[in-house]
Every structure is written in structure tokens, then in C-alpha cells.
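Participant: Quick one: structure below, then a few questions.
The values are calculated or read from the model by the stated rules, or taken from the named source; none is laboratory data. The structure displayed is predicted, hence computed values, not measured ones. Neighbour counts run over all protein chains shown; Cβ positions are idealised from the backbone, glycine included.
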């Protein structure tokens with residue numbers, strides 16, 4: 001039996017102005033979670049690329065490109081096991097386009 005599995009996390013609560021999202025993850029043999037798709041309301045966005053990732057003591061952050069060509073920053077809180085979307089950029093306006101996208 002493989003340790004590889006897809007996991008779903010229910011939206012979390014946060015005092016900041018962020019959007020809680022439901023995220024489907026890939027968890028490999030090292031138990032590191034990587035988002036594979038997520039839901040904004042009822043709309044599913046598939047992750048086509050993880051552009052960047054970084055950690056702080058309490059959270060993991062992922063800068064991802066969705067199948068809609070948007071760039072998203074997702075945060076996973078390890079304490080509450082909750083996911084939030086911190087940023088969305090559609091990439092349709094050059095003057096607001098994020099770097100390294």
C-alpha cells in the first residue's frame with residue numbers, strides 16, 4: 001500500500017482578510033503536502049504549477065498557477081490544519097502582474 005494520497009482540508013478561520021478555501025493535496029512519502037487543486041466557492045481550480053513555496057514557523061506558503069492562468073498564494077496553517085488564499089492575480093493586466101509569473 002502506498003503512502004501517496006489526496007487529502008481535503010475544510011476552510012479555516014482567520015482574523016486577517018483572507019479567503020478560506022478547500023484544498024486537495026498530494027502527500028508523498030515525506031508527508032509534505034502540495035496543493036493539487038482547490039475550490040473557491042463551488043469553482044474548482046487545478047494547480048498546473050507550483051511557482052514557489054516557503055515556510056515560516058506556523059505556516060507553509062505556496063505560490064501556484066491555476067488552470068485558469070491565474071496566480072494564487074495559498075497558506076496552510078499547520079496548527080489549525082486550515083488553508084487560506086492570500087492573493088489572486090489574473091495576470092490579465094501587465095501593470096499589476098506579479099513578478100516571476
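Participant: Restricting to segment 12-53, give me the number of residues that are under 16 Å from residue 78 (Cβ atoms) and at pLDDT below 50.
Facilitator: Qualifying residue count for the region: 3.
Participant: Kindly provide the set of residues from segment 52-70 that are outside any loop (DSSP other than H, G, I, E, B) and under 16 Å from residue 23 (Cβ atoms), ordered by number.
Facilitator: Passing the criteria: 53, 59, 60, 61, 62, 63, 64, 65, 66.
Participant: Consider segment 30-51. How many of its residues are surrounded by fewer than 11 Cβ atoms within 10 Å (Cβ to Cβ) and either farther than 16 Å from residue 86 by Cα or in contact (Cβ under 8 Å) with a residue 12 or more places away in the chain (or both)?
Facilitator: So the answer is 4.
Participant: A further question follows. Give me a count of the residues in segment 71-97 that are assigned to a strand (DSSP E or B) and modelled with pLDDT under 85.
Facilitator: Number satisfying all stated conditions: 0.
Participant: Enumerate the pairs (first residue in segment 72-96 and farther than 18 Å from residue 51 by Cβ; second residue anywhere and in a strand (DSSP E or B) and at pLDDT below 85) with beta-carbon separation below 8 Å, excluding pairs fewer than 6 apart on the same chain, so at least 6 apart or on different chains.
Facilitator: Listed pairs, sorted by first residue: 81/9; 82/9; 82/11; 82/20.
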